[in-house]
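**Student:** I am attaching a structure below and will ask some questions about it afterwards.
The values are calculated or read from the model by the stated rules, or taken from the named source; none is laboratory data. Quick caveat, the model's predicted, so the values are computed rather than measured. Cβ placement follows ideal geometry from the backbone for every residue including glycine, while neighbour counts extend to all protein chains displayed.
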Amino acid sequence: MCALELQCADPVKIRVRAYGDRIKVKKMAQQLVAEERSIRASRTRKVRKHRHAWFWFFCGAGVAVLAAELLLHPISGKYETPAEIEIRNFREGQASTHFLPNGLRLTGNPQIPGAQAVLIIGDSHVEAFQIPDDQTMGARLEDKLRASGKQWNAWQYGWSGAEGADYIFAAPMFLEKFPTPYIFLTMNDGDFRTNLGEQARISDHNGTVVAEGLVPNAIRGREPSFGGHLARKMKESGLIYGAALRFQLDLKPQWKEHTASAQDAFPPNGASSVELMEMIVRGLKQQYGDKLRIVYMPPQPFSASEPLEPAESLLIAQCRAQGVQCRSIRDRMIHELTVNHQLSRGFSDTEPAKGHLNARGHQLVADEIFDWLNSN
Amino acid sequence: MVFTSLTFVEFFLVVLIALALCRTRWQRQLAILLSSIFFYGYWNSWYLFLLATPSVIDYYCALRISGTQVEKRRKFWLTFSVVSNLGLLGYFKYANFFVHSFGQLLGRDVPVLHILLPVGISFYTFKTMSYTIDVYRRHIEPCHSWWKYAMFVTYFPELVAGPIVRASVFLPQMTRSLKPSWPRAYVGLQLVALGFSKKLLIADRLATFVDAVFAHPAIYSTGTIWSAVVAYSLQIYCDFSGYSDIAIGVSRIIGFDLPENFNMPYSSTSITEFWRRWHITLSQWLRDYLYIPLGGNRKGKFRTYVNLTITMLLGGLWHGANWTFVVWGAMHGFALALHKFWMDINKDKGIKIPGFLGWSMTYVWVCFAWVLFRAQNFSTAVLIMRKMLFIDSVGVEYVYFWLFAIIPFVVLAHLLGRYVNDGVEAAGRRKMYAPLWAERLYTGTSRFAIRPHPLAGTYALIPTNSFALGLLLTGWAIVFYLFTALDSSPFIYFQF
């Protein structure tokens, strides 16, 4: 029989009252004290650990952000210097693209001072964030021209979202800034849906097509980058730039769509109506005159027997009626598909045959323009 | 109202607030019932009448069945219930199919009936049918409260695409308080997040590639076609199991436990094993209410093979009113019968097929069958299969980046899940707790592909270490934000 009584305080005081084997009881008491101390220590550790839990949580979060930045850095970000702008993109395809401050997309070839130039304008197909500089239509055209003995420059100027109205609105800027005998305007089926563009609206005033900016002092062409030094630095972060683009281009439109009521819905788009097409072609001719040549880039055709897209057939008919030179790369796309088994649209990380022109598509546009220039 | 839409998130938040505000269990049950009615009526309010039909008929039939000991009467009420359920399903889902097929057989153009296929009709008719059959078999007592029964039928998390819950699983849970609690939400939210990731990060990413290739298969090469078929096998798995995860997770938050529907199906080394792991609740339903009543394996070997084939053939038809689904089911039925035949003749010889060979044969067969499941018609399916067999193999070579980024992830999850699950089950057989390493591995990594074993403890996906938690959550948030497919397609099984 033995009884053991422990009182544990700080400092630990033990009072042992034992009957029987005193030594054994003493040992038991020591063991219990040790256990008690270990439990206390463990509790203290737990409390400390809990106290630092948030610290370690944020450390972990920081490491995740850092890792993401390191992974995204080579493929995402915008670097602006007075000489040029570099944009790295991974949203569709993956490429590093370079622009001059005046908005021209670089071709990767050295520019020949004073040489004759060809200007290619268009929307995101010409801006081509998906295509490396040396594979753009301008670069390919330059290569072909120079290989054939023509020491020309190919200028390319595109901006996302541009539509028929925008090209008319931006014409004075092009004619003033980039004097050239040939202006090739690349168009696709999305350019004729409405009289509204990103920056301008067109209307017919007694036979003259007038383009007016949607906002006072609207910029013609690419909008210049905004923000100060801090903003520029932030854009250099792959993660921040990628996240901002994601918000701007994907989430914001989705949210708008989700919250839009019937009243604020976008004006209904008549599917490439004849009047609209006629007005756009007339406006383009009035602004660019004989310099204008339209290159139509249809959606990926899958066989020669497919009927023409309504926009394409309408455009060709209107151009013919108004004496505007216009060509489509449809036949080249079909040939490329059936003979070389290559798609002209789509990238390895997007839906096949959908989206922007890929490097093959750019090559086809360059081939078309080259043949056109040679035939003139 | 698709689970991955903002509308559903808003709806579910309202449901949770309503549940939190209710004071009694009865009020909460009523709130869930009303929410379910709203959820289903959101598609089309006319569907509600359709949903009400089995709710009333089967409730009444079950009471009549249990209320008498006269076998003839019991059979009559059972037949009435089954015929009404099948009649509903047959009219809304198969009328046009049979009319069209009959017309084709006669070589005439038969006018098509304008019938809108109600969402989830295949699922809830099976659910209600199983209830009356179980009551008839005296496996369960009938539900004496129509409200409770209606809640079972209309319960929104699993109403439109399963898992097919049986009354014996659901009704006993009605005694729960259904008060939202953090421990249940903690587990449920993890499952919801997992389901969203499977759907938006994997299934929808792959869908863009699969849809494009299946729309124009003639232009693609054998390699591209094979990668599209593999992509589809992963897409449908992540789509459907993702849906099941969201349904189980949402249900857990509400207070009900739903049965698991998937258990690493692509790790199966035989077609029989595949069907034990794929769409488990349907397989079990077909086994208990079709295969066994047909005679199962009790009427000789040949009859067993026939029963297997018939069961799967009808299972195929259940999926969709199209001959491609019937042939898909027949392919699986044939494979099951063949496997059974092999097992029978091999019983004495004891020849062992190496695991990898078994897995390859199973996976390739399943992939071939998926072609029929996905293709719009037979001619497309045949064209794709020809390409898969290297006939007319020339075409566009398209290497889809996301497929090759996703495959290692899925393979790793399957391998780890299988490995850890086996460890946990072995521990379970020895009546021991799962070893700590197995539990951690299991809960940390393999939930992607497998259901947790009861012995594995919690569903905890989230590590307890604060640093790892921060790393995991932030990493997931970044990946989810940057790479989810926003133009989300509806869940594949919604069409059934």
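**Student:** Given the criterion within 11 Å of another protein chain (Cβ to nearest Cβ) and either hydroxyl-bearing (Ser, Thr, Tyr) or out of contact with any Ser or Thr (no Cβ under 7 Å at 6 or more places or on another chain) (or both), identify the matching residue among A:Ser375, A:Ser303, A:Ser328.
**Tutor:** When all the criteria are applied, what remains is A:Ser303.
**Student:** Tally the residues that are facing chain B (nearest Cβ under 8 Å) and touching a residue at least 24 places away in the same chain (Cβ under 8 Å), restricting the search to region A:347-367.
**Tutor:** Residues in region A:347-367 being facing chain B (nearest Cβ under 8 Å) and touching a residue at least 24 places away in the same chain (Cβ under 8 Å): 5 in total.
Residue-wise test of (1) part of a helix (DSSP H, G or I); (2) under 24 Å from A:Ala68 (Cβ atoms); (3) more than 14 Å from every other protein chain (Cβ to nearest Cβ); (4) at pLDDT 85 or above.
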position	(1), (2), (3), (4)
B:Ser393	no, no, no, no
B:Asp422	yes, no, yes, no
B:Glu425	yes, no, yes, no
B:Leu441	yes, no, yes, no
B:Ala460	no, no, yes, no
B:Pro463	no, yes, no, no
B:Gly475	yes, yes, no, yes
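**Student:** Looking at region B:367-410, which of its residues are within 24 Å of the chain's Cα centre (by Cα) and charged (D, E, K, R)? Spell out the reasoning first.
**Tutor:** Keep residues of region B:367-410 that are within 24 Å of the chain's Cα centre (by Cα), which gives B:367-377, B:381, B:403, B:406-410.
Selection gives B:Arg374 alone.
**Student:** Of all helices (runs of 4 or more DSSP H) completely enclosed by region B:219-330, which ones contain at least 3 residues that are touching a Gly at 6+ places or on another chain (Cβ under 9 Å) and under 30 Å from B:Val382 (Cβ atoms)?
**Tutor:** Of the helices (runs of 4 or more DSSP H) lying wholly inside region B:219-330, those with at least 3 residues that are touching a Gly at 6+ places or on another chain (Cβ under 9 Å) and under 30 Å from B:Val382 (Cβ atoms) span B:222-254, B:280-286, B:301-319.
**Student:** Of the numbered conditions (1) exposed (fewer than 13 other Cβ atoms within 10 Å of the Cβ); (2) over 28 Å from the mean Cα position of the chain (by Cα); (3) modelled with pLDDT under 85, A:Ser273 satisfies every one except a single condition; which is it?
**Tutor:** (1)
**Student:** Then there's this: Do the conditions hold for A:Ala165, that is, is it buried (at least 24 other Cβ atoms within 10 Å of the Cβ), touching a residue at least 24 places away in the same chain (Cβ under 8 Å) and more than 23 Å from the chain's Cα centre (by Cα)? Write out each step before concluding.
**Tutor:** Values: buried (at least 24 other Cβ atoms within 10 Å of the Cβ): yes; touching a residue at least 24 places away in the same chain (Cβ under 8 Å): yes; more than 23 Å from the chain's Cα centre (by Cα): no.
Against the criterion (buried (at least 24 other Cβ atoms within 10 Å of the Cβ), touching a residue at least 24 places away in the same chain (Cβ under 8 Å) and more than 23 Å from the chain's Cα centre (by Cα)), A:Ala165 does not qualify.
**Student:** Which one of these does A:Met187 not meet: (1) crowded, with 21+ Cβ neighbours inside 10 Å; (2) under 23 Å from A:Pro101 (Cβ atoms); (3) in contact with a strand residue (DSSP E or B) (Cβ under 7 Å, 6 or more places away or on another chain)?
**Tutor:** Of (1) crowded, with 21+ Cβ neighbours inside 10 Å; (2) under 23 Å from A:Pro101 (Cβ atoms); (3) in contact with a strand residue (DSSP E or B) (Cβ under 7 Å, 6 or more places away or on another chain), only one is false for A:Met187: (2).
**Student:** Same structure, new question: Any residue in region A:110-130 that is within 29 Å of A:Arg220 (Cα to Cα), within 14 Å of chain B (Cβ to nearest Cβ), in a loop (DSSP other than H, G, I, E, B) and within 26 Å of the chain's Cα centre (by Cα)? Break it down stepwise before answering.
**Tutor:** Applying the first criterion (within 29 Å of A:Arg220 (Cα to Cα)) to region A:110-130 yields A:110-130.
Adding the requirement that they be within 14 Å of chain B (Cβ to nearest Cβ) leaves A:130.
From what's left, in a loop (DSSP other than H, G, I, E, B): A:130.
From what's left, within 26 Å of the chain's Cα centre (by Cα): A:130.
Yes, region A:110-130 has at least one match.
A quick yes/no check of all residues on (1) without any contact (Cβ under 8 Å) to a residue 40 or more places away in the chain; (2) surrounded by fewer than 19 Cβ atoms within 10 Å (Cβ to Cβ):
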site: B:Tyr232; (1), (2): no, no
site: B:Leu290; (1), (2): yes, yes
site: B:Gly295; (1), (2): yes, yes
site: B:Val306; (1), (2): yes, yes
site: B:Val327; (1), (2): no, yes
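**Student:** Okay, next question. Let me confirm something: among A:Ser237, A:Ser203, which residue is touching a Gly at 6+ places or on another chain (Cβ under 8 Å) and either modelled with pLDDT of 80 or more or within 25 Å of A:Asn102 (Cβ to Cβ) (or both)? Even if it seems obvious, please write down each step before you answer.
**Tutor:** Details: A:Ser203 fails: touching a Gly at 6+ places or on another chain (Cβ under 8 Å).
Within the list A:Ser237, A:Ser203, the selection yields A:Ser237.
**Student:** May I pose another question? Please find, within region A:331-346, the residue that is farthest from the other protein chains (Cβ to nearest Cβ) out of those that are assigned to a helix (DSSP H, G or I) and out of contact with any helix residue (DSSP H, G or I) (no Cβ under 7 Å at 6 or more places or on another chain). Break it down into steps so the answer makes sense when it comes.
**Tutor:** Within region A:331-346, the first condition is being assigned to a helix (DSSP H, G or I), and the residues that meet it are A:331-338.
Next, only the ones that are out of contact with any helix residue (DSSP H, G or I) (no Cβ under 7 Å at 6 or more places or on another chain) stay: A:331, A:334-335, A:338.
Working: A:Asp331: 16, A:Ile334: 11, A:His335: 13, A:Thr338: 8 Å.
The residue in question is A:Asp331.
**Student:** Based on what the data block shows, is A:Glu278 free of Cβ contacts under 8 Å to residues at least 60 places away in the same chain, of a type in the set (Asp, Glu) and more than 14 Å from every other protein chain (Cβ to nearest Cβ)?
**Tutor:** Working: free of Cβ contacts under 8 Å to residues at least 60 places away in the same chain: yes; of a type in the set (Asp, Glu): yes; more than 14 Å from every other protein chain (Cβ to nearest Cβ): yes.
It is true that A:Glu278 is free of Cβ contacts under 8 Å to residues at least 60 places away in the same chain, of a type in the set (Asp, Glu) and more than 14 Å from every other protein chain (Cβ to nearest Cβ).
**Student:** I've got another one for you. Considering region B:178-218 alone, what residues qualify as being surrounded by fewer than 20 Cβ atoms within 10 Å (Cβ to Cβ) and within 14 Å of chain A (Cβ to nearest Cβ)?
**Tutor:** Scanning region B:178-218 gives B:Leu200, B:Asp211, B:Ala215, B:His216, B:Ala218.
**Student:** Among the helices (runs of 4 or more DSSP H) confined wholly to region A:153-257, which include 2 or more residues that are within 14 Å of chain B (Cβ to nearest Cβ) and aliphatic (A, V, I, L, M)? Explain how you work it out, then say what you get.
**Tutor:** Values: elements: A:164-177, A:229-235, A:238-245.
Those helices (runs of 4 or more DSSP H) span A:238-245.
**Student:** Inspect region A:305-318 for any residue being over 27 Å from A:Gly283 (Cα atoms), hydroxyl-bearing (Ser, Thr, Tyr) and either modelled with pLDDT of 90 or more or exposed (fewer than 15 other Cβ atoms within 10 Å of the Cβ) (or both) and give the result as yes or no. Lay out the reasoning, then the answer.
**Tutor:** Initially, region A:305-318 is screened for residues over 27 Å from A:Gly283 (Cα atoms), giving A:305-307.
Those still in the list that are hydroxyl-bearing (Ser, Thr, Tyr) too: A:305.
Keeping just the survivors that are either modelled with pLDDT of 90 or more or exposed (fewer than 15 other Cβ atoms within 10 Å of the Cβ) (or both) gives A:305.
Checked region A:305-318: at least one residue is over 27 Å from A:Gly283 (Cα atoms), hydroxyl-bearing (Ser, Thr, Tyr) and either modelled with pLDDT of 90 or more or exposed (fewer than 15 other Cβ atoms within 10 Å of the Cβ) (or both).
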